[in-house]
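Have a look at the structure below before the remarks.
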Ligand SMILES: [Zn+2]
C-alpha cells in the first residue's frame, strides 16, 4: 500500500515536471524517446541476449548500426580497424556533438531477468554493467536530436560513437588513437547506476604491464646449480612491489597476478610472468610508480641471474570532470523529473536484494544534488577518461538497479534485462537529448564548457597508452 502511494506521488511529480518544460525542442526530445520507446526496449533486450564480450560484439554493434541507418544516419562501420566499432552521423557543420554508446558484456555472468540467481546459459557472458542499456539509451538521445535536425529546428552535427570493449582492451583508446574524437565540440556519456546524478567524480588513471622473466631450466634436484629460476625473480619482484607500497601516495593502487610460474617442482622454471596494474589519480602519478616498478623488475632479475622484459599492454587516463557540463546535466535531470516504479518492480527490487544477501533500501528515484569532486577518485578506471582528455566529456549516472546493488554481478544482469533497467535507460535518453538541445542552441554554454575542459586538463598531455597500430581484435 505504501509503495502504491509512492507510485502515485512519483507519477504526479513527473506530470508536474513535464508540465514545466516550456522549451518546445525539449518537449520534442521527450516525445521522440516515448515514440521509439518500444523499439529502444527491444534493442536493449536483444543486446542483453547477445551478451557479447570485449571486441566480440558483432551482433550487438550490427544491430545498433543497422538501427541508426534505418533512422537516416550515415553509418561508418569498422572504425579504427575495429570491426565492432562504428560511427553514426546526421546533419552537417558546427557544432559537432558526440555521444558514446557501449555494448560489451562480462564473461561468466549469464543470468535470467529474474529476482533469483538462475543462469540463462551455463558459462556464458552477461550484461553485469548494463552496457546493453548504455548503448541503446545513447542511441535514443541521438535519434531524438536527429529528428529535430531533420525538421530544421536544430543546426549542426550529431555523432553517435559505437564504442566496443570498455570492460577490457580499451576500445575507446584505439578509437581515440585513430583521431575519431578530434573534431568534436563536446561529447556526452552516461552509465547505468544505483543513483541518479550528474557525474562529478573522476576515475583512476591506470597502466597495465606484463613483467616477463626468462631464466635457464635444469633438474631441480639433479643439477640445480646449472639452473636460473625465473620464478625466483618473479617472487623477488612481487616482494619488492609489496615493499614499495609503503612509499607511494595513498591514492596509488597496485595489483598483480602470476600468469606463469613454472610447470612442475622438479624443473627449474625457465619462464615466469607477472601481470600488474598500477593506478593513481593522474597518469603523471602512475608514471612515477611505473618507473620504480621497472627498477624493481630489473633488480629482481639481477638477483636471480635471469633476463627481464617489462611490456606495457595498455593504459587509461582519469576522467576529467566538467563542472558547468555537470550542472547542465543536473538541471536537465530535474527538468525531466523522477522515474516511477510499479508495485511489481518494487517487489522485484526487494526480492533481488534479499536474494543477493544485501539489505533492501529501495530504488533511489530522486536526483542527487551536485557533489563536490573528490581530490582522489574512488577505485576503478574507464576508457571514457581518454576521450575526456581530447574533448570535453559531460556525463550522467541513471538508476537501473535497486540502491547498493552489487555491480558486475548477476543482480545487475537481471535488472538490465527488465523494466527497472529499461526505465533508467529511457530517462537517460531524455536527459541527454534535452542536454544536447541546450548544447546545440547555446554557444556561450559550449564556450564555458570548453574553457573548463582546458583548465582541468592543464599541462597533462594525452598520449595513447596502447602499443602499436593493430587493435587487439578477436
Ligand atoms: Zn560499465
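None of the figures in this text is laboratory data; all of them are computed from the coordinates on show. Small disclaimer: the values here were computed from a predicted structure and weren't measured. All Cβ positions, even for glycine, are placed from backbone atoms using ideal geometry, and neighbour counts span all protein chains on display.
Structure data summary
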{"item": "Residue 342 paired with residue 474, simple spin-label distance in nm, labels 7 Å along Cα-to-beta-carbon", "result": "3.6 nm"}
{"item": "Separation in nanometres of the label points that stand 7 Å from Cα toward Cβ, at residue 119 and residue 264", "result": "3.2 nm"}
{"item": "DSSP bridge pairs, the chain: antiparallel proportion in percent, nearest 5", "result": "70 percent"}
{"item": "Packing rank of 394-404, 86-96, where each peptide gets the mean count of other beta carbons within 10 Å, highest leading", "result": "394-404, 86-96"}
{"item": "4 °C / 1.567 mPa s Stokes-Einstein diffusion coefficient of segment 103-182, Kirkwood radius on C-alpha pairs, µm²/s", "result": "86 µm²/s"}
{"item": "For 249, 459, order by how many other beta-carbon atoms lie within 10 Å, fewest first", "result": "459, 249"}
{"item": "Highest to lowest packing among 69-78, 216-225, scored as the average C-beta count within 10 Å", "result": "69-78, 216-225"}
{"item": "Cα long-axis angle, helix 283-304 against the chain (0 to 90 degrees, to the nearest 10)", "result": "20 degrees"}
{"item": "Centre separation in Å (Cα based) which lies between segment 233-299 and segment 188-212", "result": "23 Å"}
{"item": "Degrees, to the nearest 10: 24-35 long Cα axis against longest axis of the chain", "result": "70 degrees"}
{"item": "Distribution of pairwise C-alpha distances over segment 303-349, 5 Å bins, in %", "result": "5, 11, 9, 9, 9, 10, 10, 9, 6, 5, 5, 6, 5, 1"}
{"item": "Between segment 363-411 and segment 106-149, the Cα center-to-center distance that results, in Å", "result": "17 Å"}
{"item": "Kirkwood-Stokes translational diffusion coefficient of segment 284-329, alpha-carbon pairs, 37 °C, 0.692 mPa s, µm²/s", "result": "239 µm²/s"}
{"item": "Ranked by how many other beta carbons lie within 10 Å on average, peptides 169-177, 50-58, 108-116 from highest", "result": "169-177, 50-58, 108-116"}
{"item": "Proxy reagent accessibility, fewest Cβ within 10 Å first, across 342, 24", "result": "24, 342"}
{"item": "Helix axis angle, 131-150 relative to the chain longest principal axis, alpha carbon, degrees", "result": "40 degrees"}
{"item": "With 10 Å bins from 0: P(r) over the chain, alpha-carbon pairs, percent", "result": "4, 19, 28, 25, 14, 7, 3, 1, 0"}
{"item": "Fewest-first sequence of 157, 136 by Cβ atoms within 10 Å of each Cβ", "result": "157, 136"}
{"item": "Backbone N under 12 Å from the residue 81 label point (7 Å along Cα→Cβ), restricted to segment 430-474", "result": "467-473"}
{"item": "Förster-model FRET efficiency, 41 Å R0, residue 221 and residue 243, C-beta, rounded to 0.05", "result": "0.85"}
{"item": "Computed label-point distance, nm, for sites residue 358 and residue 373 using a 7 Å Cα→Cβ extension", "result": "2.7 nm"}
